[in-house]
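Read the structure below first, then the notes.
None of the figures in this text is laboratory data; all of them are computed from the coordinates on show. Quick caveat, the model's predicted, so the values are computed rather than measured. For neighbour counting, all protein chains shown are included, and Cβ atoms are generated from backbone atoms with ideal geometry for every residue, glycine included.
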Amino acid sequence: MIGNYIKTSGRSLMRNKLFSFINIIGLAISMSVGLLLISFLMDLNSYDQFHENADRIYRVTNLESLKGEPEIKYPTTSLKTGKILREQVSGIEKVGILRDDFSGDVLLGNNSFPIKGFWAESSLFDIFTFPMLEGNPATALDHPYSVVLTESAANKFFGIGSAMGKAINLDSVDYQVTGIIKDIPFFSHLKFEALASLSTLEQIGVDGPDFENWTDSYSNFVFVLLKENADKRLLDSELQTIADHENQLVDPNGNSVRDIHLELLPMNEIVVGEDLARSEGLHYQVPHISTAVLWFLVSLAILVIASSCFNYTNLSLARAMRRFKEIGLRKTIGANKSQVWQQFLIEAVMISLSALFLSLILFLILKPQLINMAPGLQTLIKLDLSPKVFILFVGFALLVGVIAGVVPALIFSKVNAIDALKNVSPVKVFNPMSFRKTLMVIQYTFTLIFITTTVIGYVQYKNILEFDLGFTTENILNINMQGNKPESFMEEMRAIPEVVELSKSTIVTSIGNAWGGYMKYSSGEDSALVMTNPVDENYLNLHQYELLAGGNFKMYPVDPGSVREIIVNQELLRRFQIAGNNPEQAIGEVVTFSNHAWQDREMTIVGVIRDFHYGKIDNQIEPVAFMFWTPENPLMINAKILPGDIQGTLGRIKEAWNKVDPSHPFQASFYKDAIEQAYSELSVMIKIIGFLSILAISIASMGLFGMVVYTTETKVKEVGIRKVMGASSLNLIFLLAKDFIWLLSVSAFVALPLTYLFFERYILTNFPYHEPVRLFELFAGLIAVILIAFLMIGSQTIKASQTNPAKVLKSE
């Protein structure tokens, strides 16, 4: 029976080549998006699954409550947290601590090699499955000055042969190799070349005596392996008790600006999950994609796939009258409802499986385009075809076939044999407000939403890149000094004629970087968070900040203890109500500033500048204070260069860098490029939506073409009669187009207001300084769709109008 269904379906598909072609191409295009999504989800689901106890591994998350500020969640916590959990919480089997930034240049003889890793404990190997090739995992990191290398790192440093017992030198400290582990799998959220014993930090005194304090929580990752059948709710309660106790010890009177709470995060929610904040000093970047973004991508893919399913349903229903006699004959010779239903469902599945082969080709073409769409994706996904993924692809094709064919199959199975042989439709799907037309309205509504979203998003994105930040970024190259002292490099730079100005800063502002502390103006008020950027005396002039009162720095301190001057923006005066917000009168006022290095230091305001965007423009303008740069701070060199031969100038700057530091690659970017990179996620989203818009309009247009061909065929005699009666080609186009234009108008009436409200109420509210949505942006997609529709309708109408009426009407 199934063989008969397949044979009959194949004959039907061959008799209706155009409709079969439209359905196969439409499904193939949409299914390629589905295949990309399946591979993407499979890759994300593969993260950390190689660990034997993956379902019992959790990371401890820090939740910080700041007075007057929303709660902030960090992926890091304190070393003290790890030690308390190990000693006091019974439901935890193992605790492992990683501390950020065991990195730098390993010196071996006259050669240096970069290395990236963590400070760690041996218990890490009890939690994670990192197979050790040489050494004892139980004791490899017990003793100070021990290091475990990955297989690749050991080969890089020592070549072929055992590295056990050998030493590497980092920052003038020798570390003995006590273990070699297999290279870290691609789908691990922890990636490193080396693990150094955490106990070494106590020996070398890193960060001073306070680095184990409860509040020193920005550089450490604490992982726990729960006991089997452990009650997580009970553990959460114990963590809350510990946090309350430690907060009380830090601040017995409860006057602290900052409260810390703890939470357990399952390891499978680290890569795909909630966005967490990062402290400014944290070097390690965890591969991550938010759940909201993932659901958004899934929704878009479903809409594109639904569009091609609508095509199939529409074309099947449009051809229904031609197939009623086939159904009547089947039922006359004994076919029941389920057999008719199966016949049409198998036909849809055959089309879907045919589309699968074409979609696989499209998948292989689109895969590198997706991976290269953003730098972060190259380290996040691989999209490799495995047997498991291929099986999922086939299952997905079957599912799409069933979804596309279920409505036509159900409708046709209800056809009465006598009515079918009379060509009488028993279902009311061909009335003016038919189900078929409803599907077309829904399809074009989605298509218009896609196109309009792309246009509005692109215009807003370009506005963001060209937004006036309050200072100049033109031809400014920001160079990361990577720990090098600036004097020699700046001397080399001054010898380059195209470099006209130089300055120093700790961070590059307006791209999401942050460096700050807490400030108060009078003793009676609470501290408030203030963003800062340590800079030198040339920074303001180079970036052309507008000074409203006062002047530049008067003192040029060389150590942090001597920094006593700040230059502030207008918002800082408003926030603290300094001198009635009058810039002139604020000069000489004293504020108290605290950060990770200073406690309650008095600072004098020596200058007030016009407000500018320290953060990205999706943030409100905030209080900012510039203070003088001293050598303990990280360093960026800001170089203003002449326009013209940019590539030649960059080549000379790289030569200057290689003279100063031949070991590290040159790291620099133009300010405008850095700003563009800061909004790369938005750019990727717009590219993805734009790509899906092209697919959606292509699928909808193919469906429209099929409907136009069918309508033209059914009205060919009417066209002939009207032509004989003197109708022009324009009249005939209007005749055939009016129903489609009406459907497009209904779609536009739904899609355009929805898109406008979506942007104005949900998207652009995140950008306080956005430009309003203009009429052209709303109607550009509609105009494009109407032009495509008229092109298709016109081409078929002209073809029909050129047919000799005598040939068309001779059978009447």
request  = Measure of size requested: the Rg and Dmax of the range 454-497, with Cα atoms as the atom set and Å as the unit; please supply both.
outcome  = 17.3, 49
Rule-of-thumb Rg ratio for the range 499-641 [Cα; 2.2 N^0.38 Å; N residues] = 0.98
ask   = Tell me which aspartates and glutamates have Cα within less than 17 Å of residue 738's Cα, excluding those fewer than 8 residues away on the same chain?
value = 713, 718
Inter-label distance for residue 298 and residue 63, nm, one decimal - labels placed 7 Å from Cα along Cα-to-Cβ = 2.4 nm
query = In this model, which of 17/367; 485/640; 616/687; 156/191; 504/659; 616/659 are farther than 23 Å apart at the alpha-carbon?
reply = 17/367; 616/659
request  = With a point put 7 Å past each Cα toward its Cβ, work out how far residue 585 is from residue 555 in nm, to one decimal.
outcome  = 2.7 nm
note = With +1 at each Lys and Arg Cβ and -1 at each Asp and Glu Cβ, the charge dipole magnitude of the range 499-641 around its Cα centre, to the nearest 20 debye, comes out at 160 debye
task = Take 19, 626, 435 and order them by how many other Cβ atoms sit within 10 Å, fewest up front.
result = 435, 19, 626
ask   = For the pair residue 730 and residue 133, how long in nm is the line joining their label points, each one 7 Å along Cα→Cβ?
value = 7.9 nm
key: Fewest-first ranking of 359, 745, 46, using other Cβ atoms within 10 Å as the exposure measure   = 745, 46, 359
ask   = To the nearest 0.05, how large is the calculated FRET efficiency for residue 468 and residue 766 if R₀ is 25 Å and r is the Cβ-Cβ distance?
value = 0.85
Order by protection proxy (mean Cβ within 10 Å, highest first), peptides 151-158, 171-178 = 151-158, 171-178
query = For residue 378 and residue 632, FRET efficiency with R0 = 41 Å and r from the beta-carbon atoms, rounded to 0.05?
reply = 0.75
note = Expected sort for 542, 692 with the fewest Cβ neighbours (10 Å cutoff) up front is 542, 692
